[in-house]
Amino acid sequence: MKPIAFAVLLVLTSPAAAQDIIGQASVIDGDTIEIHGQRIRLWGIDAPESAQLCRGADSLLFRCGSAAANGLADYIGGRAVTCSPRATDRYRRVVAVCSVSDVDLARWLVGGGLALDWPKYSRGTYAADQVKAAGKGAGMFAGSYIEPWAYRACIRSGGRPQACSDGD
């Protein structure tokens, strides 16, 4: 009986079955926040890394990762954030759908051109928002960019931030 009780305990305490996390959030980067000391990765999207560069409509490089983080922080302001856990990632962060006043933060980021739908995880949940943002030339879509997952792979293989970004 103990193995059965242990298995039930694991299911009941898994992140997917966890209660919502609610509170004032600190923005760590464009797709990660912290509430009550708990790091939370926004589900289904990928935002540029802090050091990542993109090209604007004027072809000049800008820190699109910083723009995503700053935009998210400004949007949240001092309002309460509600996160519904879905999983735990390899860095032991909760992966969750988070909202402010019933606005999905991931949808807001993608719709503003500050993050990308990550179909590997989202199954296209935010794809239509990305298409609309691209059509309006919002955020990253005003110029050019490298997908954050490709940027990280370049950095892991020894590349430097500017060389791995949409730079020369």
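Could you please find all residues in region 93-111 being over 18 Å from P48 (Cβ atoms), touching a residue at least 12 places away in the same chain (Cβ under 8 Å) and either under 11 Å from the mean Cα position of the chain (by Cα) or surrounded by fewer than 16 Cβ atoms within 10 Å (Cβ to Cβ) (or both)?
Hits for region 93-111 are V95, A96, V97, C98, S101.
In region 42-61, what count of residues is obtained for those that are out of contact with any Cys (no Cβ under 7 Å at 6 or more places or on another chain), part of a strand (DSSP E or B) and buried (at least 22 other Cβ atoms within 10 Å of the Cβ)?
2
Pick from L72, L114: which is surrounded by 16 or more Cβ atoms within 10 Å (Cβ to Cβ), part of a loop (DSSP other than H, G, I, E, B) and within 14 Å of the chain's Cα centre (by Cα)?
After ruling out the rest, the residue left standing is L114.
So, in region 124-153, exactly how many residues are touching a residue at least 60 places away in the same chain (Cβ under 8 Å) and not β-branched (V, I, T)?
Of the residues in that region, 13 qualify.
Computed from the coordinates by the stated procedures, all read-outs in this text should not be read as laboratory data. Values in this document were obtained by computation on a predicted structure and should not be read as measured data. Glycine gets a Cβ as well: all are built from the backbone with ideal geometry, and neighbour counts include every protein chain shown.
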